[in-house]
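**Student:** Below: one structure in structure tokens.
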Amino acid sequence: MFSVFLSCQDNDMLSQDQEAQRLQDLFIEIESMVSTFSCDNSDDWTFIGYGSKPCGGFVGYIAYPLFIDTQLFIEKVDAHKQAQEDFNQKWQIYSDCSLPNQPTEVLCDNGVPKFIY
């Protein structure tokens, strides 16, 4: 499903703003896959790094429940990472090269997943 979204228009024809919007739309789609679930049991949740900083490494981390279609979720996260890598290279994006702290676990707090570092 997401491959159709990414290929409906040739990326070489898109402006930087249009490509950035596609990245944002894909991330919103990723977030929407998990945002409707209540975090009631920390054992049912884990996390994954998402995005790609220009210097390497993840942009951040997102929690997700293990009872969703994890294969599809991880494929979308990987597609977003690759698209962001391509975007950064194509548009010569740079950053401060700082990396976010990696969580050690997910804790459920009033139905919301929170990271423990």
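**Student:** When you go through (1) surrounded by 14 or more Cβ atoms within 10 Å (Cβ to Cβ); (2) assigned to a strand (DSSP E or B) one by one for V112, which number turns out not to apply?
**Tutor:** (1)
**Student:** Right, another one. Say whether the condition of being part of a helix (DSSP H, G or I) and in contact with a helix residue (DSSP H, G or I) (Cβ under 8 Å, 6 or more places away or on another chain) is met by at least one residue in segment 87-105.
**Tutor:** Yes, the conditions are met somewhere in segment 87-105.
**Student:** Which condition does K76 not pass, out of (1) charged (D, E, K, R); (2) within 14 Å of the chain's Cα centre (by Cα); (3) farther than 26 Å from F37 by Cβ, if it passes all the others?
**Tutor:** Unmet condition: (3).
**Student:** For segment 1-28, give me the residue count where each residue is at pLDDT 95 or above, charged (D, E, K, R) and loosely packed, with under 15 Cβ neighbours inside 10 Å.
**Tutor:** 2
The values are calculated or read from the model by the stated rules, or taken from the named source; none is laboratory data. What you see is a predicted model; the values in this text were computed from it and never measured. Cβ coordinates were reconstructed from backbone atoms using ideal geometry, including for glycine residues, and neighbour counts include every protein chain displayed.
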